[in-house]
Structure formats: C-alpha cells, structure tokens
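Heads up, the thing below is written out as structure tokens.
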Amino acid sequence: MEVLDILKKSLSHENVPRKEAESAIVILAHENFGFLLMSLTDILQNEQIEKPIRQLSSILFKNLITNNIEYKGRWSTLENQIKEQIKQKIIATLASPEIFIKKASALALAGKKNIYAQEFVRWILRIKIHLS
C-alpha cells in the first residue's frame, strides 16, 4: 500500500481502517524510515493532493523526527543524499501559494529542532536564498 493511501485511510471516520493505517505507518517507519519521510515530503509538496492529507503528512513528518522516542535519532542514520532531498523538498514548499502549506513546511522545519546546529544554519541560509 502506498503512503498516500495509508494517509487517506488514517483520516477515515471508521475505526478499523484508521487503526490499519496507523499500524501500516508504524511498520513502514520500522522497515524503511527514509522512504516514509521521502513519501511524506512528496505528498506535502504535491498540490494535486487534498489539503487534509497534505497537512497530515507534515504533522506525521514532524512527529516522526522529533516527538516519538521510538524513532529518536533515526534522522542521523539516513544517508546524506536522502536527507538533502528531504530538506530541499520541504524548503521548496515554502514558496507554495497556499498559506497552509507554508505553515506546514515551517512546522516540519521547526520540528527538526534536534538537528545539529551547523545543519540548521545551512537550512536557514537555503530558505533565505530560496525565498529571495
């Protein structure tokens, strides 16, 4: 099942599909953390996808890299190429014409508070250049 389909199921009003989606996210996070983060940023960046799903992708991204003790430190284990791709996608969404996407991207960036200080400075410089 694709991450987009999982997120759609997680917004279901029915308990069973929602629980299945939550389980699928946990499994995917354990099996392929980098792929999950890349997929979430792809969803956030895609303006053809419905707003609630895009918002959910940004919240889940933030939670996976900051709030969940189970995944703490997983960001640092990702290959640099994957981290760079994720960063570029999030930074690019700051130029979105949709305010909620800008806020969601800022939330994802702010949520990455546990990155190294130098890495954070590079993010800020890229954001500044991108928005100029």
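Worth pointing out:
- Exclusive hit being at pLDDT 95 or above and more than 8 Å from the chain's Cα centre (by Cα), set 7, 56, 11: 7
- Every residue from region 1-22 that is touching a residue at least 40 places away in the same chain (Cβ under 8 Å) and either in a loop (DSSP other than H, G, I, E, B) or small (Gly, Ala, Ser) (or both): 10, 11
- Verdict on residue 89 being buried (at least 17 other Cβ atoms within 10 Å of the Cβ), at pLDDT 75 or above and assigned to a helix (DSSP H, G or I): yes
- Positions within region 48-77 being farther than 21 Å from residue 12 by Cα, surrounded by fewer than 16 Cβ atoms within 10 Å (Cβ to Cβ) and not polar (S, T, N, Q), in sequence order: 69, 70, 72, 73
- Per-region count, region 5-37, residues closer than 23 Å to residue 91 by Cα, surrounded by fewer than 18 Cβ atoms within 10 Å (Cβ to Cβ) and of a type outside the set (Phe, Trp, Tyr): 2
- Condition check for residue 120: farther than 19 Å from residue 45 by Cα, within 17 Å of the chain's Cα centre (by Cα) and either at pLDDT below 80 or β-branched (Val, Ile, Thr) (or both): yes
- Flag if residue 105 is of a type in the set (Ser, Thr, Tyr), at pLDDT 70 or above and touching a Ser or Thr at 6+ places or on another chain (Cβ under 7 Å): yes
The values are calculated or read from the model by the stated rules, or taken from the named source; none is laboratory data. In this text the structure is predicted, and so the values were computed from the model without any measurement. In this analysis, Cβ positions are derived from the backbone assuming ideal geometry, glycine residues included, and neighbour counts consider all displayed protein chains.
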